[in-house]
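Step one of this worksheet: look at the structure below.
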Amino acid sequence: MDNNLFKNIEQKTGVNMNDVFQLANSIQNANFKDEKTVRSIIQRVSQIANKPVNKQTEDKIVNSIINGNQSLDFGTIAKMLNKK
């Protein structure tokens, strides 16, 4: 992809694209029924996005994903984080 595109995204969002790619690679084969794994991913997304997640919100996201009500992707987690 175009390196300038990523630089523009980084400048506008403050999110390091290398961090996003590393996270995406790490979740490709993750077990989304494992609470510890899901919590780790949520915390990492929160850190990358610089958007703290309180325990109650994290619990809701985890339960929703583990119980199969939501798929785990960046869009789903972003929507959940924005609802808090």
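The values are calculated or read from the model by the stated rules, or taken from the named source; none is laboratory data. Note that the structure is predicted; figures quoted are calculated from it, not measured. FYI the Cβ positions are ideal-geometry reconstructions off the backbone, even for glycines, and counts take in every protein chain you see. Accessible surface is based on the protein model in full, side chains and every heavy atom, while ligands, DNA and RNA are left aside. Shrake-Rupley method; radii C 1.70, N 1.55, O 1.52, S 1.80 Å.
General remarks:
- Pair list, Cβ < 6 Å and 6+ apart or interchain, from the stretch 17-37 residues that are within 22 Å of LYS60 (Cα to Cα) to residues that are exposed (fewer than 13 other Cβ atoms within 10 Å of the Cβ): THR37/ASN31
- Number of residues in the stretch 64-84 that are modelled with pLDDT of 85 or more and part of a loop (DSSP other than H, G, I, E, B) equals 1.
- Filter result for the condition that a residue is over 12 Å from the mean Cα position of the chain (by Cα), assigned to a helix (DSSP H, G or I) and either modelled with pLDDT of 85 or more or not charged (D, E, K, R) (or both), over ASN31, ASN18: ASN18
- Residues of the stretch 38-58 that turn out to be open to solvent by less than 40 Å² (accessible area, probe 1.4 Å) and either at pLDDT below 90 or β-branched (Val, Ile, Thr) (or both), as a count: 8
- Under the condition of being farther than 30 Å from ASN3 by Cα and part of a helix (DSSP H, G or I), the residues counted in the stretch 34-59 number 10.
- Among the residues of the stretch 1-15, the one identified as within 26 Å of THR57 (Cα to Cα), assigned to a loop (DSSP other than H, G, I, E, B) and open to solvent by 40 Å² or more (accessible area, probe 1.4 Å) is GLY14.
- Evaluation of ILE61 against the conditions (1) exposed (fewer than 13 other Cβ atoms within 10 Å of the Cβ); (2) at pLDDT 85 or above shows that the sole unmet condition is (1).
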